[in-house]
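J.: Quick one: structure below, then a few questions.
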Amino acid sequence: MHKVAILAYEKLATFELSCAIEIFALSRPEYENWYQTEVVSFESQPIKATGGISIYTKCIDSLVDYDTLIIPSWNIHNKHVRLDMAEKISQFAESGKRIISFCSGAFLLAQLGLLQNLKATTHWRYADIFKQRFPQVNYVNDVLYTQDGNMSCSAGSAAALDLGIEIVRQDFGHKIANQVARRLVVSPHRSGGQSQYIETPIIKQNGAFSGTLDWAIENMDAVLTVDDMAERANMSRRSFDRHFKNALGTSPKIWLNQQRINLAKQLLETESLSVDQLALRVGYENSITFRFNFNKFVGVAPSQYQAQFNVSK
């Protein structure tokens, strides 16, 4: 059983706390070995959260019983961390256990020196402040979340759900993560691009451009090129590239490769295919190019991913 602690403290952000509770603390008896989660605090008194809400938590003096620690937010102007909490969080990090911050929660981890030389992100409103205060952190702009070692950070507000679903995907696989996302009525694919299992956002638009994206996804088994997509959208290649970048924040070539790898991950989880067969199913001309791109976007070899997530074995 994987034990999760959601840390509460004064002036806690209610929304980010709710995201953590919805994903990790909600009972899901349909899944084996689901998270066992508690909202904890180093305070003996009720916690005051945004909106004037009082929260009663489990008072603890140690985090040793937990496997994952979630920091839902942090007051960016609070430069003082109570000593016992700082020590326990630092010890938790030093043990190699997983720490997840939502939104401004990255400020607490950075204050404790736990993000030094690591990738991190936070709400875009706080980006400049964060970079000024913590120049030793490798801040990443324009992503929904980052993952570096045992540290994961989401951007602002609803990006907490994106990171949470990604954690579920890593722990339980693509199929269950999609089911959890559907229950939350959010997209399972609205993710940034900096971690080993992150997927690409698909922004729905009207007209030929949107239709081109749908057409490309439906024909992933074909060896499509960006020129093919531009022709389908009835645009010049230059106009298509510019429109694509403005709409999705990435190049059509990167997007196309990411969609192919997304499909490959799903097939690796549900079917037993050779690498050559899989490459053809997702639109690559050969397995060498497929292996290269899979390692680039996922961070592990296809065989390693299949060994971890294939549900048919």
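J.: Identify, by number, the condition in (1) surrounded by fewer than 13 Cβ atoms within 10 Å (Cβ to Cβ); (2) at pLDDT 85 or above that residue 185 doesn't meet.
T.: Of everything listed in (1) surrounded by fewer than 13 Cβ atoms within 10 Å (Cβ to Cβ); (2) at pLDDT 85 or above, residue 185 misses just condition (2).
J.: Could you please give the count of residues in the stretch 253-295 that are farther than 19 Å from residue 173 by Cβ, among the small types (Gly, Ala, Ser) and surrounded by fewer than 16 Cβ atoms within 10 Å (Cβ to Cβ)?
T.: So the count comes out to 1.
J.: Where the second residue is of a type in the set (D, E, K, R) and the first is in contact (Cβ under 8 Å) with a residue 12 or more places away in the chain and lies in the stretch 119-143, which pairs have Cβ atoms under 7 Å and are six or more apart or on separate chains?
T.: Here the result reads 119/148; 138/119; 139/131; 140/119, each pair linking the stretch 119-143 to a residue that is of a type in the set (D, E, K, R).
J.: Would you point out which residue out of 70, 99, 129, 76 is more than 23 Å from residue 24 (Cβ to Cβ), among the β-branched types (Val, Ile, Thr) and at pLDDT 95 or above?
T.: 129
J.: Sticking with this structure for a sec: Return the pair list, or none, for Cβ contacts closer than 8 Å from residues in the stretch 292-304 that are farther than 16 Å from residue 166 by Cα to residues that are of a type in the set (Ser, Thr, Tyr), at least 6 apart or on different chains.
T.: 293/284; 294/305
J.: Within the stretch 153-178, can you find the residues that are over 22 Å from residue 33 (Cα atoms) and in contact with a helix residue (DSSP H, G or I) (Cβ under 7 Å, 6 or more places away or on another chain)?
T.: Here is the first cut: in the stretch 153-178, the ones over 22 Å from residue 33 (Cα atoms) are 153-160.
Of everything in the stretch 153-178, those that are over 22 Å from residue 33 (Cα atoms) and in contact with a helix residue (DSSP H, G or I) (Cβ under 7 Å, 6 or more places away or on another chain) turn out to be 153, 154, 155, 156, 157, 160.
J.: Next up: Regarding residue 156, is this residue surrounded by fewer than 24 Cβ atoms within 10 Å (Cβ to Cβ) and in contact with a Cys (Cβ under 6 Å, 6 or more places away or on another chain)?
T.: yes
J.: Scan the stretch 38-52 for residues that are part of a strand (DSSP E or B) and modelled with pLDDT under 95 and report the count.
T.: Of the stretch 38-52, the ones part of a strand (DSSP E or B) are 38-41, 47-49.
Those left that are additionally modelled with pLDDT under 95: 47-49.
Total meeting the criteria: 3.
J.: Of all residues in the stretch 1-34 being surrounded by fewer than 22 Cβ atoms within 10 Å (Cβ to Cβ), part of a loop (DSSP other than H, G, I, E, B) and of a type in the set (Phe, Trp, Tyr), which is modelled with the highest pLDDT?
T.: 34
J.: List pairs: first in the stretch 250-270 and on the phi < 0 side of the Ramachandran plot, second among the basic types (Lys, Arg) and not in a helix (DSSP H, G or I), Cβ under 9 Å, 6+ apart or cross-chain?
T.: Short answer, once both residue conditions are applied: none.
J.: May I pose another question? Search the stretch 231-252 for residues being part of a loop (DSSP other than H, G, I, E, B) and surrounded by 15 or more Cβ atoms within 10 Å (Cβ to Cβ), and hand back the single one that is farthest from the chain's Cα centre (by Cα).
T.: My answer is 235.
The values are calculated or read from the model by the stated rules, or taken from the named source; none is laboratory data. In this text, all values refer to a predicted model and were calculated from it rather than measured experimentally. When we count neighbours, we look across all protein chains shown, and the Cβ atoms used for this are built from the backbone with ideal geometry, even at glycine.
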